Amino acid sequence: MQLALYYSMFAGTTIYALWRGGGPERAVAWMLLLASLGTIVFQPAHGHFHDLQVGVLLVDSALFLGLLAVALQAERFWPLWMTALQGISIAGHGAKAVNPHVIPWAYAALLVFWAYPMMALLVVATWRHRQRLKRYGTDRSWTHSWLPSRAPRAEARPTS
């Protein structure tokens with residue numbers, strides 16, 4: 001039952017962000033979807049959380065790097081929080097790597113728990129994006145700081 005609740009919340013969150021979100025919200029929704037599929041693929045068929053989940057660690061690390069890229073380029077503050085939450089999940093893998101005797105349910109809780117605040121954050125971020133669009137008519141998504149600065153073009157002067 002808990003798994004069905006998670007997947008229904010996850011589906012609602014990603015559909016909402018893909019349908020109504022701006023660029024950062026949609027990018028993160030796709031990343032979460034791909035990471036969720038990757039976790040399903042790389043999770044062992046048996047012995048969940050008794051050993052370090054190396055495949056899941058790789059998926060979580062890729063998600064962390066993707067979220068960090070969004071956080072560095074988005075005109076939003078929430079991706080920093082999302083990246084931090086994913087970092088806590090990676091720390092759970094670190095705890096298991098350092099101490100293989102970590103109780104399996106504690107390891108699982110460290111990995112799984114953070115998905116719920118991340119989904120809530122994405123829903124709120126998407127809602128806030130819609131509010132800014134309604135209020136201002138626009139909502140800039142990305143910073144283009146890697147582009148070179150350009151001097152304003154000189155106005156064309158009419159020739160006589």
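Tell me the residue from 58, 3 that is over 30 Å from residue 138 (Cβ atoms) and at pLDDT 95 or above, please.
Details: 3 fails: at pLDDT 95 or above.
Unique residue meeting the criteria: 58.
Just checking, how many residues over the stretch 15-45 are among the hydroxyl-bearing types (Ser, Thr, Tyr) and free of Cβ contacts under 8 Å to residues at least 60 places away in the same chain? Before the answer, list the steps.
Applying the first criterion (among the hydroxyl-bearing types (Ser, Thr, Tyr)) to the stretch 15-45 yields 16, 36, 39.
With the extra rule that they be free of Cβ contacts under 8 Å to residues at least 60 places away in the same chain, the set shrinks to 36, 39.
Result for the stretch 15-45: 2.
For the stretch 30-47: of the residues being in contact with a helix residue (DSSP H, G or I) (Cβ under 7 Å, 6 or more places away or on another chain) and more than 22 Å from residue 126 (Cα to Cα), which is modelled with the lowest pLDDT? Talk me through it step by step, then tell me what you get.
Taking the stretch 30-47 first, the residues in contact with a helix residue (DSSP H, G or I) (Cβ under 7 Å, 6 or more places away or on another chain) are 31-33, 35-36, 38-39, 42-43.
Next cut, more than 22 Å from residue 126 (Cα to Cα) only: 38-39, 42-43.
Numbers: 38: 95, 39: 92, 42: 88, 43: 84.
If we take residues in the stretch 30-47 being in contact with a helix residue (DSSP H, G or I) (Cβ under 7 Å, 6 or more places away or on another chain) and more than 22 Å from residue 126 (Cα to Cα), then 43 is modelled with the lowest pLDDT.
Give the residue, chosen from 92, 87, 66, that is modelled with pLDDT under 95, under 18 Å from the mean Cα position of the chain (by Cα) and either outside any loop (DSSP other than H, G, I, E, B) or basic (Lys, Arg) (or both).
Working: 87 fails: modelled with pLDDT under 95; 66 fails: modelled with pLDDT under 95.
One residue alone meets the criteria, 92.
Please state which of the following conditions residue 49 fails to meet, knowing it meets all the rest: (1) of a type outside the set (A, V, I, L, M); (2) buried (at least 20 other Cβ atoms within 10 Å of the Cβ); (3) within 16 Å of the chain's Cα centre (by Cα).
(3)
Go through the stretch 17-34 residue by residue and tally those that are small (Gly, Ala, Ser), part of a helix (DSSP H, G or I) and either out of contact with any Gly (no Cβ under 9 Å at 6 or more places or on another chain) or within 21 Å of residue 97 (Cα to Cα) (or both). Show your work before the answer.
The initial filter retains those residues of the stretch 17-34 that are small (Gly, Ala, Ser), namely 17, 21-23, 27, 29.
Then keep just the ones that are part of a helix (DSSP H, G or I); that gives 17, 23, 27, 29.
Restricting the remaining residues to those that are either out of contact with any Gly (no Cβ under 9 Å at 6 or more places or on another chain) or within 21 Å of residue 97 (Cα to Cα) (or both) gives 17, 23.
Summing the residues that are small (Gly, Ala, Ser), part of a helix (DSSP H, G or I) and either out of contact with any Gly (no Cβ under 9 Å at 6 or more places or on another chain) or within 21 Å of residue 97 (Cα to Cα) (or both) in the stretch 17-34 gives 2.
How many residues, within the stretch 46-56, are without any contact (Cβ under 8 Å) to a residue 40 or more places away in the chain and either closer than 30 Å to residue 130 by Cβ or in a helix (DSSP H, G or I) (or both)? Talk me through it step by step, then tell me what you get.
Residues of the stretch 46-56 that are without any contact (Cβ under 8 Å) to a residue 40 or more places away in the chain, as a first pass: 46-47, 54-55.
Filter once more, so that each one left must be either closer than 30 Å to residue 130 by Cβ or in a helix (DSSP H, G or I) (or both): 54-55.
Going through the stretch 46-56 one residue at a time, the tally reaches 2.
Restricting attention to the stretch 31-46, and to residues there that are hydrophobic (A, V, I, L, M, F, W, C) and over 30 Å from residue 139 (Cβ atoms), which single residue is nearest to the chain's Cα centre (by Cα)? Quick ask: steps written out before the conclusion?
First, pick out the residues of the stretch 31-46 that are hydrophobic (A, V, I, L, M, F, W, C): 31-35, 37, 40-42, 45.
Then keep just the ones that are over 30 Å from residue 139 (Cβ atoms); that gives 40-42, 45.
Details: 40: 17, 41: 19, 42: 19, 45: 26 Å.
Per the criteria, the residue is 40.
Out of curiosity, is residue 102 farther than 16 Å from residue 27 by Cα and in contact with a helix residue (DSSP H, G or I) (Cβ under 6 Å, 6 or more places away or on another chain)?
Details: farther than 16 Å from residue 27 by Cα: yes; in contact with a helix residue (DSSP H, G or I) (Cβ under 6 Å, 6 or more places away or on another chain): yes.
So residue 102 passes the test.
Residue 76 is checked against (1) within 15 Å of residue 126 (Cα to Cα); (2) in a helix (DSSP H, G or I); (3) not β-branched (Val, Ile, Thr) and fails just one. What number does that condition carry?
(2) is the only condition that residue 76 fails.
Which one of 14, 126 is touching a Gly at 6+ places or on another chain (Cβ under 8 Å) and in a helix (DSSP H, G or I)?
Working: 14 fails: touching a Gly at 6+ places or on another chain (Cβ under 8 Å).
Exactly one of 14, 126 is touching a Gly at 6+ places or on another chain (Cβ under 8 Å) and in a helix (DSSP H, G or I), namely 126.
The values are calculated or read from the model by the stated rules, or taken from the named source; none is laboratory data. This structure is a prediction, so every number in the text was calculated from the model and none was measured. With ideal geometry, Cβ positions are generated from the backbone for all residues, glycine too; neighbour counts draw on all protein chains shown.
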